[in-house]
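Shown next, in structure tokens, is the structure this report addresses.
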Amino acid sequence: MRKSAIVDTGPLIILYQIGLLPLLRNLYERLFIPEAVRDELLKGPSGQAILASGLVEVRSVSDRGAVEILRAFLDEGEAEAIQLARELQTTIIIDERRGRRIAKSLGLKVRGTLSILLELKRRGLIDSVKSFIDKMFKKGYYLSEELAMEVLRVAGEL
């Protein structure tokens, strides 16, 4: 049985914009977002479409005190996403560097958008990682050239 994952705002939006969000369900049976991520998604048309798609389920965080501690270092969405992943003991999909570092320090399994692309290719669900990285750049998603090149090397596309 496939596991669940908590998804932060950034990966949700970019995966939606490049047409891969539905494929995430091939990797995870259930996709959860905390209320703060829902609130961030409501601010834009892509986010509203994601919420309307039924692909993600909103969950409340139980330990608000832990969220407040995380808020000293992160925005509300990232703090709630990390805490929800802790509470559900599941993977978190997050791209922001500080959030990734904190999530790892708390013992969470951390995935990013690029590792999702690699996994989709490995499973034969997409043919090329490069075409989707190109789409991410065109959508204005920040990604260092060095990281993009490393991922393409891992994907066997260089």
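The values are calculated or read from the model by the stated rules, or taken from the named source; none is laboratory data. Treat the numbers as computed from the prediction; the structure is a model and nothing was measured. Note that we place each Cβ from the backbone using ideal geometry, even for glycine, and neighbour counts take in every protein chain shown. Accessible surface is based on the protein model in full, side chains and every heavy atom, while ligands, DNA and RNA are left aside. Shrake-Rupley method; radii C 1.70, N 1.55, O 1.52, S 1.80 Å.
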Any pair with Cβ under 6 angstrom, 6 or more apart, that starts in the stretch 141-158 at a residue that is over 13 Å from K130 (Cβ atoms) and ends at one that is part of a helix (DSSP H, G or I): Y141/I14
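Among what's in the stretch 52-78 and is hydroxyl-bearing (S, T, Y) and either open to solvent by 70 Å² or more (accessible area, probe 1.4 Å) or in contact with an Asp or Glu (Cβ under 9 Å, 6 or more places away or on another chain) (or both), pick the residue that is farthest from L147 (Cα to Cα). Outline the logic, then answer.
Filtering the stretch 52-78 for residues hydroxyl-bearing (S, T, Y) gives 53, 60, 62.
Still in the list and also either open to solvent by 70 Å² or more (accessible area, probe 1.4 Å) or in contact with an Asp or Glu (Cβ under 9 Å, 6 or more places away or on another chain) (or both): 60, 62.
Working: S60: 33, S62: 35 Å.
Looking at the filtered set, the residue picked out is S62.
Residues checked against (1) buried (at least 19 other Cβ atoms within 10 Å of the Cβ); (2) among the hydrophobic types (A, V, I, L, M, F, W, C); (3) in a loop (DSSP other than H, G, I, E, B):
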site	(1), (2), (3)
I50	yes, yes, no
E80	yes, no, no
G99	yes, no, no
K104	no, no, no
I116	yes, yes, no
K121	yes, no, no
D127	no, no, yes
E146	no, no, no
R153	no, no, no
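Residue-by-condition table, conditions (1) among the hydrophobic types (A, V, I, L, M, F, W, C); (2) under 13 Å from the mean Cα position of the chain (by Cα):
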| site | (1), (2) |
| --- | --- |
| S46 | no, no |
| G77 | no, yes |
| I82 | yes, yes |
| T91 | no, yes |
| R101 | no, no |
| L108 | yes, no |
Subset of the stretch 129-144 (residues that are under 22 Å from G99 (Cα atoms) and in a helix (DSSP H, G or I)): I133, M136, F137
